[in-house]
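Asker: What follows is a single structure, and I will ask about it in a moment.
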Amino acid sequence: MTTFKRIAVTAFAVAALGAGAASIAAAQDAPQGNVTNGKRIFLADGCFTCHGRSGQGGAYNGPAPILAHTALPFDGFKGQLRNPSDDMPAYSDAVLSDKDIADIYAFVQTLPGPSSPKDIAILNN
Amino acid sequence: MPKRRQQPDASRRNFLKGAGLVGAAAAAAAAVTPPVAANAMPAASEEKLKAALPGPRQVVAETVPPANDPVNQSTSGGDFMTDVLNSLGIEYMAINCASSYRGLHEAIVNHANNKPEIITCVHEDIAVHMAQGYAKIEGKPMAMACHGVVGLQHATMAMYNAWCDRVPVLVMGGNIMEADKRAPGAEWVHAGVDIGQIVREFTKWDDQPASLQHFAESTVRAYKIATTPPMGPVFLSLDAELQENPIPDAESLRIPKFVPVTPPQGDPAAIAQAAKMLVEAQNPVIVCDRMARTPAGMANLVALAETLQCAVIDNAGRMNFPSRHPLNQSFRRAMIGQADVILAIEMNDLWGTLTHFSDRIVRKSRPSYKSDTKIITLGVRDLYLKSNYQDFGRWQDVDLDIAGDGEASLPALTEAAKRLIDDGRKAAYAERGKKLAAAHLAMVERSKTDATIGWDSSPITTARMCAEVYNQIKDEDWSVVGTAIRLSWMHRLWDFKKPYQWNGGSGGFGVGYNLPASLGAALANKKHGRFTLAFGGDGDFMFNPGALWTAAHHKIPILYIVHNNRAYHQEYMYLVTMAARHGRGVDKMDIGTTIKDPNIDYATVARGMGAHGEGPITDPKDLAPALTRAIAAVKAGGPAVVDVVTDPR
């Protein structure tokens, strides 16, 4: 496993576990993005097909990570899009500009992350 | 063998021929009248028709009793065939009716009072898939009958799924073997010299019996072959003459005695070696797929896992291991990378399970396990393989390969392991078990937490869909017998612990399996009073929506949840990948991959088939009440469909 892949896998694992302070820090380091355009791209360019409209994650050939309120730093997020690990498609600059990526990143930061399952009775059967 | 129209006839057919001659004579007489148009039929003279007198052949036909073309018979080959099927305890025969097996069909209905019970299906693909789902719950085959050429071609996809899934199904196709017995037209295009060749590459065995005794022996043989592990579908070509004509020598016929084959157990020396490797391992991991074939299978695997206090990764080809057992690590696949010994039981795709494969331009792969990991296989899958279709998967190096039925061999393996475990090991194993239990618990909690994301979203998340359903069926004696592609929330959130609570997937990934196979499983569950439910994708649903009519007609209770993401979603994602790989637009990938504009209203489709229908449900708040109504309809004895508009996965 390359260093990048190790970072990516670790980062996505963190993302999957939820957000908190790390996410806030990551968002602060990110370039300013347009949430509305980010949502448009997220839905139009197929991000939702693997990661869900709520960024809840899903499955492609294997599990697709949770993106809602991701704790992944912007550079790691962009790196995963440009040169992804596993089977995620690589989005070149011709398909997604850096600006588009910043917009998507801004959008997924607005998606609510996980909450406590204890607050949802039917998840405790 | 009995013959069709063996002698020149002087009975009813000649009577009709006589009438035809009269008509022809009348027409000839009328031909002198000029037609009113070039393509008009000449008008017959009514006077001349009335005046025509019976000719000598007609007089003979009306006065001489029939000699060589009897119109009634007191025995039927189909009756004997039915007796053979009933001797095997076959409960149901799913059919799409066809003239080439009308003899057998009529015999079942009248001679045996509809036993096996005929299940009327509107497509042969439905009939075979029902039999596949039934067998995985009931543990024995049901029969299926079809037209031997055209019906069998319809049945092939389902037979391939059953083959890949290693499920016994007795498929029969009508045929007219003797060319001089075939009527003009359809009977020729529906007949073949060797119709079994259509399905031979994905059946365990086939035959075309040429006599009733031959049929009896071949049917019992087919049943035995189908039910001997590795199991699979079998095919019999049924000659129409054999079914329809009288039994020539009833006294000579006998129905062979069926005795099931005792499944082969692994060689004792090899089992002992496997036990030693597992007992001495620091991190043994069990992986399994189509292991449990009877209710004993799960208990046998639990016994081995608890003896070793080791991780179990279940590929869920059958109900192998309880979902909430502390040793269940199915959603912690990284365990494979930590294993020093892997025991693989009845695996379908061992290489795929132990390999990290990259679906990129260069399709690279690398083992998921360590280079010094020892791999033991136990199973019978490789004892019967064929060449053309590549369902056997890629070669996997192993260290100990034991030919033996997994379920049957497990007790001996467990006992052998127990004999090697001293007190010191017991303490270490207990510690290992505690760690695994903690990891399992964390995994369950993590799943619950993940499920909260997008909880109130519309389209509805698949996590919420599964949680809402479970909330309403958890206190039933439930059996979930189908799922959509990569929909795993049930196994992450639900408490699977009974042998019939799950029965695996399609086998061949042939779309169209899920709805009819679920109905077959529900048919098996019905007599046991279980509550059957299934999830299924919208794409799969549309392959065989007519299966719902069968469910309504035969009053098969099932709650069917349509996971309606309005797409062939896996293909949608593949297309996005292709566009991204080529560095061009990824915003048009819904072309050819989605099922929208217009959206299909599955509840209306269901109601049109006589089933209860709910939906489309787009607001998660509407889901629980819709489920309550649907469950009431199922408890009233019929099928109910709930169309849930969902997020993709």
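Asker: Would you point out which residue out of B:62, B:91 is among the acidic types (Asp, Glu) and either touching a Lys or Arg at 6+ places or on another chain (Cβ under 7 Å) or farther than 25 Å from residue B:227 by Cβ (or both)?
Answerer: Result of the check over B:62, B:91: B:62.
Asker: Which helices (runs of 4 or more DSSP H) does the stretch A:47-125 wholly contain that include 1 or more residues that are of a type in the set (Val, Ile, Thr) and within 9 Å of chain B (Cβ to nearest Cβ)?
Answerer: A:47-51
Asker: So, one more: Quick one: count up the residues across the stretch B:605-625 that are closer than 12 Å to residue B:562 by Cβ and either under 25 Å from the mean Cα position of the chain (by Cα) or assigned to a helix (DSSP H, G or I) (or both).
Answerer: Total meeting the criteria: 4.
Asker: Among A:92, A:115, A:85, which is the only one that is more than 14 Å from the chain's Cα centre (by Cα) and closer than 27 Å to residue B:578 by Cβ?
Answerer: A:92
Asker: Determine the pairs where a residue that is at negative phi and in contact (Cβ under 8 Å) with a residue 24 or more places away in the chain, located within the stretch B:206-220, has a partner that is in a strand (DSSP E or B) and of a type in the set (Gly, Ala, Ser) with Cβ atoms under 8 Å apart, the partner being 6 or more residues away or on another chain.
Answerer: Pairs found: B:206/B:237; B:207/B:237; B:208/B:237; B:209/B:237.
Asker: Determine if the stretch B:54-66 includes at least one residue that is touching a strand residue (DSSP E or B) at 6+ places or on another chain (Cβ under 9 Å), in contact (Cβ under 8 Å) with a residue 24 or more places away in the chain and in a loop (DSSP other than H, G, I, E, B).
Answerer: Scanning the stretch B:54-66, I find no residue that is touching a strand residue (DSSP E or B) at 6+ places or on another chain (Cβ under 9 Å), in contact (Cβ under 8 Å) with a residue 24 or more places away in the chain and in a loop (DSSP other than H, G, I, E, B), so the answer is no.
Asker: Does residue B:551 satisfy the criteria of being touching an Asp or Glu at 6+ places or on another chain (Cβ under 7 Å) and away from chain A (no Cβ under 14 Å)?
Answerer: no
Asker: Next up: Checking the condition away from chain A (no Cβ under 14 Å) and loosely packed, with under 14 Cβ neighbours inside 10 Å, which residue from B:432, B:381, B:419, B:366 passes?
Answerer: Unique residue meeting the criteria: B:419.
Asker: Checking residue B:393 against (1) exposed (fewer than 14 other Cβ atoms within 10 Å of the Cβ); (2) in a loop (DSSP other than H, G, I, E, B): exactly one of these is not met. Which one?
Answerer: For residue B:393, the exception is condition (1).
Asker: Same structure, new question: May I ask you to verify whether residue B:566 is at positive phi and in contact (Cβ under 8 Å) with a residue 12 or more places away in the chain?
Answerer: Yes.
Asker: Exactly one of (1) more than 20 Å from residue A:49 (Cα to Cα); (2) of a type in the set (S, T, N, Q); (3) not in a helix (DSSP H, G or I) is unmet by residue B:599. Its number?
Answerer: Of everything listed in (1) more than 20 Å from residue A:49 (Cα to Cα); (2) of a type in the set (S, T, N, Q); (3) not in a helix (DSSP H, G or I), residue B:599 misses just condition (1).
Asker: So, in the stretch B:452-505, how many residues would count as being more than 13 Å from chain A (Cβ to nearest Cβ), part of a loop (DSSP other than H, G, I, E, B) and of a type in the set (Ser, Thr, Tyr)?
Answerer: 1
Asker: Mind checking which residues of the stretch B:343-357 are surrounded by 21 or more Cβ atoms within 10 Å (Cβ to Cβ) and within 22 Å of the chain's Cα centre (by Cα)?
Answerer: Matches in the stretch B:343-357: B:346, B:347, B:348.
Asker: Here is a further query. Which condition breaks for residue B:296 when tested against (1) more than 25 Å from residue B:89 (Cα to Cα); (2) outside any strand (DSSP E or B)?
Answerer: Among (1) more than 25 Å from residue B:89 (Cα to Cα); (2) outside any strand (DSSP E or B), residue B:296 violates only (1).
Bear in mind that the values in this text are calculations on the coordinates, not laboratory data. Computed from a prediction, not measured in an experiment: that's the story for all the values here. Cβ: placed from backbone, ideal geometry, glycine included. Neighbour counts: every protein chain shown.
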